[in-house]
Each structure stands twice: as C-alpha cells, then as structure tokens.
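Shown next, in structure tokens, is the structure this report addresses.
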Amino acid sequence: MRLLLDESLPRRLKQELSSHEVVTVPEMGWAAKSNGELLSLAEGQFQVFLTADQGLQFQVNLSRAEISIVVLAAHSNRFEDLKPLISQVLAALESIQPVDVVRVAA
C-alpha cells in the first residue's frame with residue numbers, strides 16, 4: 001500500500017512501516033500546503049494519508065476526500081510516543097476501506 005506521511009509526523013516512522021511504500025509530504029515537495037490542498041494532491045497517488053492532526057476532520061470536508069486517513073493520537077508527536085502505536089496502525093491498514101478515517105490512540 002502506498003502511504004503519505006504528514007509533516008506533523010517524524011520521518012523515522014517510515015522505518016516502522018517498511019512493509020508499505022511510505023513517502024513523506026516534504027519528499028513530495030508539498031510542505032506547508034493546507035490540509036485540503038494536500039489531500040487533493042495525494043488523491044490518486046496514495047491510498048492512505050497518515051497524520052497526527054487531530055483537527056483534520058474539522059478543517060476539511062472529508063466527505064469529498066478520495067483517500068483514507070489514519071490519525072495517530074499520542075501524548076506528543078515525538079517518535080518515542082508514536083512508535084507504540086505502529087502495531088495498531090499496521091492492523092488498521094490491513095482492514096481500512098477507501099475513504100475511511102481511522103483514529104489510532106495510545
């Protein structure tokens with residue numbers, strides 16, 4: 001599965017998700033894009049957008065999104081706080097459906 005890792009998440013998470021093709025927002029040249037623009041750019045190129053942005057669903061009309069979203073919720077966005085969520089993220093990716101929004105929390 002092709003995943004887009006938001007700039008709000010540490011790049012080191014790519015290593016933990018190595019069973020998938022993971023590209024970061026900065027690697028795509030999309031840093032500092034608004035969430036709506038970012039999702040529009042990602043549609044058709046990625047199956048899932050991974051983010052720590054808890055307010056994404058309130059900032060963007062997700063009913064029009066054509067990409068699935070996994071929101072990681074931890075004490076902070078530091079790698080050490082997010083790494084324990086990886087097994088839940090991988091499980092969510094196994095069953096995620098197109099345009100699902102899944103929250104993975106500690």
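What the table shows:
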| quantity | calculated |
| --- | --- |
| The stretch 1-76, dipole about Cα centre (Lys/Arg Cβ +1, Asp/Glu Cβ -1), debye to the nearest 20 | 100 debye |
| Residue-normalised accessible area of the chain, given per residue in Å² at a 1.4 Å probe | 53 Å² |
| Net charge of neighbours whose Cβ lies under 15 Å from the Cβ of residue 78, counting Lys and Arg as +1 and Asp and Glu as -1 | -2 |
| Residue list for the stretch 84-106, given a label point 7 angstrom along the Cα-to-Cβ vector of residue 19 and an amide N cut-off under 19 Å | 84-98, 102-105 |
| Dipole-positive endmost among 48, 65, 18 within the stretch 14-73 (Cβ charges, Cα centre) | 65 |
| Nearest 10 degrees, 0 to 90: helix 86-95 Cα axis against the chain principal axis | 50 degrees |
| Simple spin-label estimate for residue 80 and residue 64 in nanometres, 7 Å along Cα-Cβ | 4.2 nm |
| Portion, in percent, of the accessible area of the chain that falls on carbon or sulfur, probe 1.4 Å | 47 percent |
| Relative contact order of the chain, defined on C-alpha pairs under 8 angstrom at six or more residues apart (%) | 28 percent |
| Inter-probe distance in nm under a simple model that places probes 7 Å from Cα toward Cβ, at residue 94 and residue 12 | 2.6 nm |
| More than 16 Å apart - percent of Cα-Cα pairs taken over the chain | 52 percent |
| Three-way shape label, the stretch 1-53, alpha-carbon gyration tensor, a/c 1.5 | oblate |
| Over the chain: helical MRE at 222 nm, DSSP H runs n ≥ 4 each giving -39500 (n - 2.57), nearest 500 | -7000 deg cm²/dmol |
| Loop sites in the stretch 14-78: GluC sites (Glu not before Pro), DSSP, at most 12 other Cβ within 10 Å | 66 |
| FRET efficiency for residue 106 and residue 57, using Cβ-Cβ distance with R0 set to 25 Å, rounded to 0.05 | 0.85 |
| Charge context of residue 106, other residues only, Cβ under 13 angstrom, K/R +1, D/E -1 | +1 |
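The values are calculated or read from the model by the stated rules, or taken from the named source; none is laboratory data. Since the structure is predicted, the reported quantities are computational estimates derived from the model, not experimental observations. Cβ atoms come from the backbone with ideal geometry, glycine included; neighbour counts cover every protein chain shown. Each accessible area value is taken on the protein alone, full model and side chains, heavy atoms only, with ligands, DNA and RNA left out. Shrake-Rupley method; radii C 1.70, N 1.55, O 1.52, S 1.80 Å.
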